[in-house]
Each structure stands twice: as C-alpha cells, then as structure tokens.
Amino acid sequence: MLHGHHGELTVGEMLRRHGISRRSFIKFCTAAASAMALPPSVGLAMAEQLRQAPRPSVVYLSFQECTGCLESLTRSFAPTIENLIFNIISLDYDDTLMAAAGEAAESARTKAMQDNFGKYVLIVDGSVPTGAGGAYCTAGGRSAVDTLREAAKGAAAIVCVGTCSSFGGIPFADPNPTGAWPVTAIVGDKPIINVSGCPPIPEVITGTLLQLVATGKVPDLDEHRRPKVFFGNTIHDRCYRRPFYDQGKFAKSFDDEGARNGWCLYELGCKGPTTYNACATLKWNGGTSFPIESGHGCLGCSEPGFWDKGSFYAAQSAAAWGKAGEVSPRQVLEVTATAAAAGAVIGAASAGVSRLRQHRSEQHGIGRESKGDE
Amino acid sequence: MIRLADIPVRIEPTPLVGGLGGGVPAILSELASLLERLAKAEEPAAIDLRSLPMSAQDRVELRRALGEGEVQATLTAEGISNIRETRVPGVWWVEHHDRNGELIAELIEVTRMPLILMSATDEIASGASALREQLAAAAAARAP
C-alpha cells in the first residue's frame, strides 16, 4: 500500500550502503517494538518485511510551525538509532532538510507525488491558516491550504506531527488572527494520525512512522486520532511523583522545601491529570528526564487547545475541566480569576493578561491582524 | 537538585514464596510453556522484559533463578548487545544497548539461537562473491 520506487533499492540495500548492518536494523526494530509495547516477534517481522521492501516515499510539508517538531526528530540523543528512519523512508520533500531549493525543490515534490500517487505517506507539521484566502502561509506562490489539499489527494495516509497540525496549536490559540486550523479540519477523506505534543517525543514520531510503513496499517487511535500505544495513559497515571500526590504532599512554590524534596507539582499548575502522552515513561533526550522530573509541571502540550486553558501555573480545577479538551474560554477565565484571588501573584498576573486579551479580541474582532500589541 | 534516587520512596521487598519473589514464578511458568512449545513445534518466542511490571527485586530473583549458561555473545552493532544463554537450554537473556550505552531493549528469547546472532542467507551469498573478488585482486597483484 505504501511503497514507492526509488531505483528499486530495497530498505536493506539502502541501509547497507550507509554502513548499517542487518543486525543493527534488527536491534532498532526490536527497540522500537518494545517502546510501542508490541511483542518482540512483531519487531522481528517489521525488520524482515522492511528489509526486503522498496523504500516508502514520504513527503513532509511544513506550514505554520516553529520547526520544533522536526528539531525534536533530528536532534535525537542516539542519532543513528533514531535517524535510521531516514534511511528506511525515502524523504522526497522536506523544505528544511533537503539540499535543493526553489523550483528544483518544488519539482522534486510534484514528481515524487506523481510517481507514487496513492502510495506516499504525507507528514505535516504546522497549522494551516485560512484567513485572507490562505495568504498567511505561502510557499512557492501557493497557499498552505491549497498545497495541503493537493498533497492529500495522492497520500496513502497523513501523519500530523506536533500539536499545531494535530489540533491547531499556538497559531490556533485565542484570538487566532490567521484563521489557523488543524489538518483534520481541511482534509476529510484520508486516514489521519495525530502525533501531538509540543514537540512530540522523537521515539513517538519514529515509532509511529515505523509501524505505519512496516505494517501498512494505521495503528489503534484514541478519539483525538493519537496512537493509543503512546497516548493511552495520562502523565498522572505514570508519574513517579504519584505517591506524593496520593499522600497530599504538594510543593507550594518553586523553591520551597516540598519542591526540593520532589513533591507533587499539582498546585504549581501541573496538567498531568488531563494530559495524554508518553513523557512519564519514555521521557525526553533518550530517557534522561521529563518536565516534572526536572521540577516543572506538565503544560499539557499534547492536548487540544492547551494554550488557552488558563495559566500554566494555576492549579487545575475539576469544575473547569470536565472532559479534557472541552472547556469554554469563559469558564477558564472564571477559574483563573478565582485561583488568582486565592493567592499566587503569578496567577493574578496571567488572569489579568487573559482578561485583557479577551477584551481586546472582542474589540478588534477575531481574524484581524493583531499588529503586535499582544 | 534532588535526583530520583534521592527521593525516599522505599521499595518493600516482596515476600519470598518457595525462594522466589512475587512476579518471578509467573514468568518462569510462562517460559516453561514456551520451552515445551519450542521442543514440540520448533516455534521460537520472546518476552519483552520492559513490558512487565517487575520490581528491582524481581529482576534480581529472575536472573538468579535462570542462572548463567555456557554461552556469552557480544554483538557490536550501533552499540553493544549482550546475548547470554541461561542455565536453562533454549532460554536466552538479551540486552540491547545503543552507542551511548543506554539500554534500549531487554528480552528473554526462547529459541535454539536468537535470530540476531545468525548470519543471513542473502548476506552469505554476497559475502562469497566479495571474497572471490578479494582473492582475484590479490592474485592479480602478485602476478609478475
């Protein structure tokens, strides 16, 4: 379903050319399968299947993004193991990584899309603006929304890397001046996988891609289309500080005794309870640490609308959240105001800023350029 | 800065039952079944140790229960891998590390020989032709 043709080099041959042995590849697939909680036999099967197959064609489109997702993927800690994915796939277009530019790059893209029509994997990062006819994000004279629609037609599957393409992310945040939307709002008729996170953990990106190209099937997804194998538990479910939460031992400020003893960061705004991601188990930088282990509460960056869920430093309130992802801005402001009244100076400041921003957007109207007064 | 190891969360040792810790009899029982299947039907299998909720104590007990066999293999491929047969024939303990020495996978394989150790058929053929070429080149170099 997904395989393109590139001088008929199989994945195995490509790897050998880059000095990556069959055994290294088996190790990589075994580790990836383990990280995805797949049985070891699947890892072995993936390695065998991929080795014999022609390299799948991948087109990577970047829209309103900060490039953090691509950086996460390419600056991984153990470069060879993670970046093996670049030897497995044939990355036919990526405007950040490719050597070509301008017309040459664009024709490489259109050729790859033609040659592999119906079979290439389309990766998208960044949200897609629709304001001003899509003029807020253009490349090669074409708007992001047009480029996406065209690329989606020949894609076998679409993988949205990062919260911006999955849920709109930061451009989508109130007041959304460019009319940004996630990919799912623009494309309706293709299998879409959302690998959310700001950025996502590199192993989550490569694991999802590997599973997709090796099996040709979309993995089990949750209601936000995120692979359940990585997004099936909340941070809170797997947090090593859970014993402190259960005992009611909370840090009250970032430099107090509780913080220094590694107590729960719930009162300092941790969004762990409503955030689904693999940070507490896979961690970051090759398993080095994750925000809570480094003393900072979870921002909830893999959830829809996380930029608009009130202060990162105000404690969550059950009244405001209900189901994760279904919060009205009005409720958030009320909760934030209450939290501010209860004490933290930080809370008060952010509540004030939120209220000011809301007032301004009501004045100026959503969709008009903000002129940098935020 | 406080490290994870400094946080005073004590691991309560699981009560020993017949000399083995909590989760270990279950794993050994599964291994016995897999070995029986291997003996009867030549079907290999593997258990991913990272998928099991094992305590540090359990891991020590498991290693002790399985023991060390006669074979220790070191694989150097994008980092070191240690592949050891345990005292139980057909049960291999496999640890994969990346170039930075980080453990990236740990499994117990029930097999005659872990597949990763065996040489691949396609590579053998290309290795043979490479060797022939090498011989031919050496002969040509020696020719007067």
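If I compute solvent accessible area with a 1.4 Å probe over the protein chains, what percent of it on the stretch A:95-139 is carbon and sulfur? List each step's numbers first, then the result.
Working: 1200 of 2110 Å².
Percent of accessible area from carbon and sulfur atoms in the stretch A:95-139: 57.
Tell me the label-point distance for the pair A:Ser107, A:Ala132, using the 7 Å Cα-to-Cβ offset, in nm and rounded to one decimal.
About 3.1 nm, to one decimal.
Over the stretch A:11-231, what relative contact order in percent results from Cα pairs under 8 Å that are six or more residues apart?
Details: 396 pairs, mean separation 45.5, N = 221.
Reported as a whole number, the value is 21 percent.
Quick one: Cα centre-to-centre distance for the stretch B:56-106 and the stretch A:83-158, in angstrom?
For the stretch B:56-106 versus the stretch A:83-158, the Cα centre distance is 43 Å.
Dividing the Cα radius of gyration by the Kirkwood radius, what Rg/Rh value follows for the stretch A:235-308?
Numbers: Rg = 11.8 Å, Rh = 12.4 Å.
Rg/Rh: 0.95.
List the residues of the stretch A:18-48 for which accessible area in the full set of protein chains is at least 50 Å² lower than for the chain on its own; 1.4 Å probe, protein heavy atoms only.
Listed in order, they are A:Arg22, A:Arg23, A:Lys27, A:Ser34, A:Pro40.
Between beta-carbons, use under 12 Å as the cut-off and find the net charge around A:Ala47, counting Lys and Arg +1, Asp and Glu -1.
Working: positive: A:Arg22, A:Arg23, A:Lys27, A:Arg51; negative: A:Glu48.
After counting each charged neighbour, the total is +3.
With θ set to phi - 60° and the Karplus curve 6.51 cos²θ - 1.76 cosθ + 1.60, what are the ³J(HN,Hα) couplings of the stretch B:76-82 in order, to the nearest whole Hz, using x for Gly and Pro?
So the J values, rounded to whole Hz, are 10, 8, 6, x, 8, 10, 9.
Put simply, what bits of the stretch B:86-105 lose 10 Å² or more of accessible area when the other protein chains are there, versus the chain on its own (1.4 Å probe)?
Flagged in the stretch B:86-105: B:His96, B:Asp98, B:Arg99, B:Asn100, B:Glu102, B:Ile104, B:Ala105.
Hey, with R₀ at 25 Å, roughly what FRET efficiency would B:Ile7 and B:Arg37 work out to, going by the Cβ-Cβ distance, to 0.05? Intermediate values should be presented prior to the final figure.
On the way: r = 43 Å, r/R0 = 1.70.
It comes to 0.05.
Could you work out the helix-only [θ] at 222 nm for chain B, with each DSSP H run of four or more residues adding -39,500 (n - 2.57) and the total divided by the number of residues, to the nearest 500 deg cm²/dmol?
-12000 deg cm²/dmol
Using a 1.4 Å probe on protein heavy atoms only, how many Å² of accessible area do A and B hide from each other, summed over both chains and rounded to 100?
Working: alone 17230 and 10210 Å², together 25030 Å².
The summed interface area works out to 2400 Å².
Computed FRET efficiency, Cβ-Cβ of A:Phe254 and A:Asp174, R0 22 Å: what is it to the nearest 0.05?
Step by step, r from the Cβ atoms, then E = 0.25.
Tell me, what ³J(HN,Hα) does each residue in the stretch A:217-234 have, in order and in whole Hz, if you take phi through Karplus 6.51 cos²θ - 1.76 cosθ + 1.60 with θ = phi - 60° and put x for Gly and Pro?
3J(HN,Hα) across the stretch A:217-234, in whole Hz: 10, 6, x, 4, 10, 7, 6, 9, 6, 9, x, 4, 5, 9, 10, x, 10, 7.
About the Cα centre of chain B, how large is the charge dipole given +1 on each Lys and Arg Cβ and -1 on each Asp and Glu Cβ? Please answer in debye to the nearest 20.
260
Compare each residue of the stretch B:34-58 in its chain alone against the assembly with all protein chains, and report those whose accessible area goes down by 30 Å² or more; 1.4 Å probe, heavy atoms.
So the qualifying set is B:Asp48.
The values are calculated or read from the model by the stated rules, or taken from the named source; none is laboratory data. As the structure is a prediction and not an experimental result, all values here were calculated from the model. With ideal geometry, Cβ positions are generated from the backbone for all residues, glycine too; neighbour counts draw on all protein chains shown. Areas reflect the complete protein model, heavy atoms only, side chains present, ligands, DNA and RNA absent. Shrake-Rupley method; radii C 1.70, N 1.55, O 1.52, S 1.80 Å.
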